[in-house]
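Participant: Have a look at this one.
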Amino acid sequence: MTAMNTTMPRNDVVTGLLWLSGIYAHELSAEQIAFFRSDEGEAFLDWLSQLSREPDAVAQIRSALAAPVEESSLAIDLAGEYASLFLGVGNRMNCLPYEAMWRGESRLWGASTKRVDALLESHGLKNDTPEPSDHIAVQLQLMAHLVSGGSVDAAMLKSQLAEWAPAFCDSVQTHDSRGFYAGVAAVTRSLLS
């Protein structure tokens, strides 16, 4: 395997990366929260804990999802946290999920985006999201694609992510007031190590 911890089965790593990509791409819906509260969702979280070797992080995720409110109310609460952390709502710019921000680039859609766009294009892929390609969700999805196909470029992307994603994860863990995204950040760090 060209990327990730070689003790993890490739399909498991791909599934974990795709899950993380989806979490960073969109706010959780009430339906997703209901899934995580179900037996099947609990089984998924057990699997994620084993895959990531981060039982404390997954316990944080579980705790946040177990808040004693209806799924729709929790979805609204977590959407607020998502907006604050990742969209800069409330002038909190500490956890923007763009590589450019962590590399000190002066603007989005710059060198980091162009580099990821070139990598996507070299694999016949295209970023079909409204976000710049250096968004962590896009890069995790690309990493899943590269790992799935056994591409040698997976190691290169992993190395590039290692230059900025740990600081991003640290910031999320510091600034998340509900614990859900802090747990997700710890799982992210583990799967990229």
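The values are calculated or read from the model by the stated rules, or taken from the named source; none is laboratory data. These figures come from a predicted structure and were not determined experimentally. All Cβ positions, glycine included, derive from the backbone under ideal geometry; neighbour counts span all protein chains shown. The protein model used for the area step is the full one, side chains on, heavy atoms only, and it has no ligands, DNA or RNA in it. Shrake-Rupley method; radii C 1.70, N 1.55, O 1.52, S 1.80 Å.
Participant: Given a 1.4 angstrom probe, I'd like the percentage of the accessible area of the chain that is carbon and sulfur, rounded to a whole number.
Facilitator: Solvent-exposed carbon and sulfur of the chain make up 52 percent of the total.
Participant: Something else now. Rounded to the nearest 500 deg cm²/dmol, what is the calculated helix-only ellipticity per residue at 222 nm for the chain, with -39500 (n - 2.57) per DSSP H run of length n ≥ 4?
Facilitator: -20500 deg cm²/dmol
Participant: Here's a follow-up. I'd like to know which of Gly80, Leu48, Pro97 lies farthest towards the positive end of the charge dipole of the chain, counting +1 on Cβ of Lys and Arg and -1 on Cβ of Asp and Glu.
Facilitator: It is Pro97, whose Cα lies furthest towards the positive end.
Participant: I would also like to ask the following. Go through 122-131, 30-39 and give me the packing order, highest mean Cβ count within 10 Å leading.
Facilitator: Descending mean neighbour count gives 30-39, 122-131.
Participant: Between Arg53 and Thr174, what is the label-point separation in nm under the 7 Å Cα-to-beta-carbon projection?
Facilitator: About 2.6 nm separates the two model spin labels.
Participant: On to the next question. Compute the signed sum of charges (Lys and Arg +1, Asp and Glu -1) over the other residues within less than 12 Å, Cβ to Cβ, of Cys95.
Facilitator: Charge balance in the 12 Å sphere: -2.
Participant: Let me ask something additional. On average over all directions, what projected area in square nanometres does the chain have, based on the convex hull of its Cα atoms?
Facilitator: 10.3
Participant: Per residue, how much accessible surface does the chain expose to a 1.4 Å probe? Answer in Å², no decimals.
Facilitator: With the other protein chains kept in place, the chain gives 46 Å² per residue.
Participant: Please give me, ordered by residue number, the GluC sites (Glu not before Pro) of the range 58-118 that lie in loop per DSSP and have at most 15 other Cβ atoms within 10 Å.
Facilitator: In loop regions of the range 58-118 (DSSP not H, G, I, E or B), the sparsely surrounded GluC sites (Glu not before Pro) are Glu70.
Participant: Turning to a different aspect of this structure: Could you tell me how far the Cα centroid of the range 19-64 sits from the Cα centroid of the range 113-130, in Å?
Facilitator: 28
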